[in-house]
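A.B. asks: I have a structure here, written as structure tokens, and I will follow up with some questions on it.
The values are calculated or read from the model by the stated rules, or taken from the named source; none is laboratory data. This one's a predicted model, so the numbers in the text were calculated from it and none came from an experiment. Glycine also receives a Cβ, built like all others from the backbone with ideal geometry; neighbour counts cover every protein chain displayed. In case anyone asks, the SASA skips ligands and DNA or RNA and just uses the protein heavy atoms, side chains included. Shrake-Rupley method; radii C 1.70, N 1.55, O 1.52, S 1.80 Å.
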Amino acid sequence: GARRLGVGDVTVHRLTRVADMRGSLSVGEFERSVPFSPKRYFLVFDVPGREVRGEHAHRQCHQFLVCARGSVSALVDDGKHRAEVLLDQPDIGIHIPPMIWGTQYRYSDDAVLLVFASHYYDANEYIRDYSTWLAELGAGA
């Protein structure tokens, strides 16, 4: 199920996990456990532990993050509230809707972060400056 974080419409999802003597499997179904159908995915890996990734918001794109291996901390910010989620199991996902500021950091050496996105890549869709993002948030309110 999904749990609201109190930061905009961000939700944390416990994905289905099936384990038996042959190993474990985690599954997410698009438009069911993942609340949209992705147009693309990308993997973030080989990140030095001190590096910070993300640090942007999207105007229209939804993202769903799952750490497939290792661990990474995801910080979400809606302009009023912030929360941090430790993604350290492959059956935990976080849905980051548009206009939420997202930052990922504290990558373990073996971390592989899988990100599903609702839109194709468009550089103009990103807001990379925090004060610009706050201004756009205010204008939209």
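A.B. asks: Over the chain, what is the mean sequence separation of C-alpha contacts under 8 Å (at least six apart), divided by residue count, expressed as relative contact order in percent?
C.D. replies: Over the chain, the number comes to 32 percent.
A.B. asks: Which residue, ALA111, ALA83, ALA19, has the most motion in a Gaussian network model of the chain that connects Cα atoms within less than 10 Å?
C.D. replies: Of the options given, ALA19 has the highest mean-square fluctuation.
A.B. asks: Mean-square fluctuation check for the chain, GNM, Cα pairs under 10 Å: which of ASP91, ASP110, ASP122 is largest?
C.D. replies: Answer for the Gaussian network model of the chain: ASP122.
A.B. asks: Where only protein heavy atoms count, and the probe is 1.4 Å, what is the accessible area per residue for the chain in Å²?
C.D. replies: 58
A.B. asks: Something else about it: Select from ILE100, ILE92, ILE127 the residue whose mean-square fluctuation is largest in a Gaussian network model of the chain (Cα-Cα springs shorter than 10 Å).
C.D. replies: It is ILE127.
A.B. asks: Now for a separate question. Once both axes come from the Cα atoms, what is the angle between helix 130-140 and the longest principal axis of the chain, in degrees from 0 to 90, rounded to 10?
C.D. replies: So the inclination is approximately 70 degrees.
A.B. asks: Relative contact order, percent, of the stretch 66-141 when contacts are C-alpha pairs under 8 Å separated by at least 6 residues?
C.D. replies: The value is 36 percent.
A.B. asks: Same structure again: Quick one: work out the % antiparallel among DSSP beta bridges in the stretch 19-141, nearest 5.
C.D. replies: Counting only bridges with both partners in the stretch 19-141, antiparallel ones make up about 95 percent.
A.B. asks: State whether the stretch 27-110 is rounded, prolate or oblate according to the following rule on the C-alpha gyration tensor (a ≥ b ≥ c being the square roots of its eigenvalues): a/c under 1.5 gives rounded; otherwise a/b larger than b/c gives prolate, and the remaining case gives oblate.
C.D. replies: Oblate is the answer for the stretch 27-110, as a/c is 1.5 or above yet b/c matches or exceeds a/b.
A.B. asks: Between PHE30 and GLU55, what's the calculated FRET efficiency when r is the beta-carbon distance and R0 is 30 Å? Round to 0.05.
C.D. replies: Once rounded, the FRET efficiency stands at 0.65.
A.B. asks: Please work out how much length the chain gains when fully extended from LYS39 to ARG82, using 0.36 nm per residue of separation minus the C-alpha to C-alpha distance, in nm with one decimal.
C.D. replies: Using 0.36 nm per residue and subtracting the Cα-Cα distance, I get 12.7 nm.
A.B. asks: Could you state the number of Å between the C-alpha centres of the stretch 79-96 and the stretch 3-47?
C.D. replies: The stretch 3-47 and the stretch 79-96 have Cα centres separated by 11 Å.
A.B. asks: Continuing with the same structure: Roughly how many percent of the accessible protein surface of the stretch 1-98 is carbon and sulfur, given a 1.4 Å probe and a whole-percent answer?
C.D. replies: Carbon plus sulfur share of accessible area: 48 percent.
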